[in-house]
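Note sheet for the following structure.
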Amino acid sequence: MLSRRLALQSLACVIVFYTLLMAGNGTLRRFLSALIFRKRPVMEPDLLTVTAGELQGLLSNKSGLTSKQLVLLYLAQIQRHDDYLRAMINIAPDHILLQRAKLLDDERSTGKVRGPLHGIPVIIKDNIATKPATGLDTTAGSLGLVDSKPYENAALVDKLLDAGAIVLGKASLSELSWWKGSQLICGWNAVAGQAQSPYVRGGILPDDTYAGHSNPGGSSSGPAIAVAAGYAPVSIGTETFGSLMLPAGRAAVYALKPSRGIISTKGIVPISKFSDAPGPMTKTARDLALIMDVLVDPSKTKVPEGGYVSQVTGSWEGIRVGTLDPEKWKFGAHSRKILDPSMEEQLISQTRDAYEEIKNHADAFHDSIPMPPSSTLFLDGQPSLIKIFEKDFQEEFEAYLKTCETPKVKTLGELIQFNKDHADKELPPGNSNQDMLETCHNTNISQEEYERYIDHVEKYGRDLGLYKMMDEYNLNIIIGPLECDLVNFAAAAGAPLASLPVGYLDFNGRAHGLAAVARPHNDGLLIQLQSAFEKTHPPRRPPSL
């Protein structure tokens, strides 16, 4: 009788588990979460505000929190909000994530902690390659790259895994890192649709411009939204010329585009080796420094003694700042539609208030330095940076496709045709052009012209631009509004660029910030600036979800 009762109980358990499995990943996840969290009381962190450093403290003490529990908390947060926010393209299967978390929990229980990211969930942009064993696809938002199966992880993914991070999933982006069609709305791609800012009340306006006040910015829209919305404490995005900075400002997060070449771009769907760079997005300067310590190749730069985290001092000592006039250095109406004059007035006012705060703390401060306009980066009437990217893209994109096992397309021409063949999804109304791809495919820029463009941006963007201003005014940092062409000068010089969250607009709640640039290989100085700003500026506000 007893054996029969046990057999019936076992059968009932199997039926329940099968029913939950068939009900969907979310139902099973909630069931597993209830079982795991029932074991002992746990201090549940506030996912909208908690940092990786704070989580590491909870995991390492007797709070009762485990990485397995943490994974389930973040997955539940994604499930609650991503139908609207669309910050994620895909999420690793539960069994892979829980197996990974258990491994790291077991290591911790034996006294092995790999470092500050041990057992910490991380989200990465979906142009960063992950091999099939991770359970994650790599699409860059293009249906033409779905199921392409990279042979290897991107170099930075392996570094994260070796450091003990748990890669929860792949974040959304502007398709092909906004290198598909001119003036496409930031945050849109054919795989996931339109991402939304967690701050903006009312979401994307149907008649807004591509970087208008209602959208989340791009191309690293998903990684920024994910951190702000509490999907993970940290994320990794990429930038060529503004793709980290714009969404970081719109999500009130700290971001850093590192100096050219100090973090490997191997395994990243490219635009141009001249300016592509992956970088962290976090809620605090310290978390950003922790990520830099994991990802930066010390053979490519001089890492500060004690690592980048040693630069998180909160001190303004040694920081000499020049600022750009926010009334002159700002996006024009073609990119940011003026919805209400009060919005522009508030942007300028809050920017000037932040400048005044910096002036009161920095070792030196020069307001409205005469930085040359971005038009100086044009050669023979052509935007030199864009022409460099135009020349690089096809060769580098097709080289990336060769690192995949089963790409649907093997050339840029095939991708262009694929998009035409699937125009209902790839070229729908409102996102119907791929002129940037077509321009790159048809480019006839010679090697001699290409080198002229490089020489031009390095002369006028670096030597007669950033460097000249820094030398003339004895500066080591130049700061301007996040939404201005300072990002182009950083790209021209291969210089590091950092975001500083500043404020929120009364009109619709959207966040905005400042951009700060230093000379190449002075990434640690920008981290010091971020930590000092974080200490003196009012705390960033989480969104109301």
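The values are calculated or read from the model by the stated rules, or taken from the named source; none is laboratory data. Note that the structure is predicted; figures quoted are calculated from it, not measured. Using ideal geometry, Cβ is built from the backbone for each residue, glycine included, and neighbour counts are taken over all protein chains shown.
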With criteria (1) crowded, with 19+ Cβ neighbours inside 10 Å; (2) closer than 20 Å to LEU529 by Cα; (3) in contact with a helix residue (DSSP H, G or I) (Cβ under 8 Å, 6 or more places away or on another chain), SER272 comes up short on (2)
Selection within the stretch 422-441 - of a type outside the set (Gly, Ala, Ser), more than 16 Å from SER272 (Cβ to Cβ) and either under 26 Å from the mean Cα position of the chain (by Cα) or surrounded by fewer than 11 Cβ atoms within 10 Å (Cβ to Cβ) (or both): ASP424, LYS425, GLU426, LEU427, PRO428, PRO429, ASN431, ASN433, GLN434, ASP435
Unique match (being under 26 Å from TYR254 (Cβ atoms), buried (at least 23 other Cβ atoms within 10 Å of the Cβ) and at pLDDT 95 or above) among LEU145, LEU48, LEU55: LEU55
Which one of these is at pLDDT 95 or above and either surrounded by fewer than 21 Cβ atoms within 10 Å (Cβ to Cβ) or under 20 Å from ILE236 (Cβ atoms) (or both): LEU85, LEU72? LEU85
What is the one condition in (1) within 30 Å of GLU438 (Cβ to Cβ); (2) in contact with a helix residue (DSSP H, G or I) (Cβ under 6 Å, 6 or more places away or on another chain); (3) without any contact (Cβ under 8 Å) to a residue 40 or more places away in the chain that GLY307 does not satisfy? (1)
Pick out the one residue from ASP325, ASP287, ASP293 that is modelled with pLDDT of 95 or more, part of a loop (DSSP other than H, G, I, E, B) and of a type in the set (D, E, K, R). ASP325
Filtering helices (runs of 4 or more DSSP H) wholly in the stretch 384-446 for at least 2 residues that are aromatic (Phe, Trp, Tyr) gives 384-401
Out of all the residues in the stretch 90-142, which are in a helix (DSSP H, G or I), within 23 Å of the chain's Cα centre (by Cα) and surrounded by 18 or more Cβ atoms within 10 Å (Cβ to Cβ)? LEU97, THR134
Residues in the stretch 332-343: is at least one in a helix (DSSP H, G or I) and within 18 Å of LEU486 (Cβ to Cβ)? no
Every residue from the stretch 234-264 that is in contact with a Lys or Arg (Cβ under 7 Å, 6 or more places away or on another chain), over 12 Å from LEU497 (Cβ atoms) and part of a loop (DSSP other than H, G, I, E, B): ALA252, VAL253, GLY261, ILE262
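Can you report the number of residues in the stretch 143-162 which are among the small types (Gly, Ala, Ser) and part of a helix (DSSP H, G or I)?
2
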